[in-house]
Amino acid sequence: MDLESKQATVEAKAVDDAEGIVQAVVSVTNIVDNVNDIIVPGAYAETLEKRVPKGVWSHDTTVPVAKTISAEELNPGDERLPEHLKEQDAGGVLVKMKFNLNTTRGRDAYEDIKFFGGEQEWSIGYSVPEGGSEMKGDSG
């Protein structure tokens, strides 16, 4: 099964410059995304119990930039969500990660997050298991 990707524009914030720690909602649930899909709340529960996401550059798993400290799916209305997501009744996956500031790629990625703030996009790699999706209506 091929790995696909989805992008979401959300805020990411640096929470500790000395340690290179960032917190970001890396995937959004319960709203129509840029390819007319909706990830339903709860979709990540089983996966996040089994493994944590990896911080890689441009979906290249051979270029790690951060390790995950924590990852949790937030349901719509959760107070930890950015205000614009709460207003849309969206949920999301909140990830706290530590960038490797001892490498050029880790420092560059961390500094880009600080510089671009809410103008950046985060994306996830995923695969949908057989029977794990459904089409609704004529448009998808």
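Residue-wise test of (1) more than 18 Å from Ile124 (Cβ to Cβ); (2) modelled with pLDDT under 90; (3) part of a loop (DSSP other than H, G, I, E, B); (4) of a type outside the set (A, V, I, L, M, F, W, C).
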residue: Gln7; (1), (2), (3), (4): no, yes, no, yes
residue: Asn34; (1), (2), (3), (4): no, yes, yes, yes
residue: Pro53; (1), (2), (3), (4): no, yes, yes, yes
residue: Arg105; (1), (2), (3), (4): yes, no, no, yes
residue: Ala109; (1), (2), (3), (4): no, no, no, no
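When the test is whether a residue is assigned to a strand (DSSP E or B), among the hydrophobic types (A, V, I, L, M, F, W, C) and without any contact (Cβ under 8 Å) to a residue 60 or more places away in the chain, Ala66 passes it. When Gly125 is tested against (1) out of contact with any His (no Cβ under 7 Å at 6 or more places or on another chain); (2) not in a loop (DSSP other than H, G, I, E, B), exactly one condition is not met: (1). Under 6 Å by Cβ, and 6 or more places apart or on different chains, what pairs join a residue from region 23-44 that is on the phi < 0 side of the Ramachandran plot and of a type in the set (S, T, N, Q) with one that is open to solvent by 60 Å² or more (accessible area, probe 1.4 Å) and modelled with pLDDT of 90 or more? Short answer, once both residue conditions are applied: Gln23/Lys96.
Considering only residues in region 65-88 that are within 15 Å of the chain's Cα centre (by Cα) and open to solvent by 60 Å² or more (accessible area, probe 1.4 Å), the one that is farthest from Leu101 (Cα to Cα) turns out to be Asn75.
The values are calculated or read from the model by the stated rules, or taken from the named source; none is laboratory data. Treat the numbers as computed from the prediction; the structure is a model and nothing was measured. Because the Cβ atoms are built from the backbone with ideal geometry, glycine has one as well, and the counts that use them run over all protein chains shown. Ligands, DNA and RNA are excluded from the accessible area calculation, which covers all protein heavy atoms including side chains. Shrake-Rupley method; radii C 1.70, N 1.55, O 1.52, S 1.80 Å.
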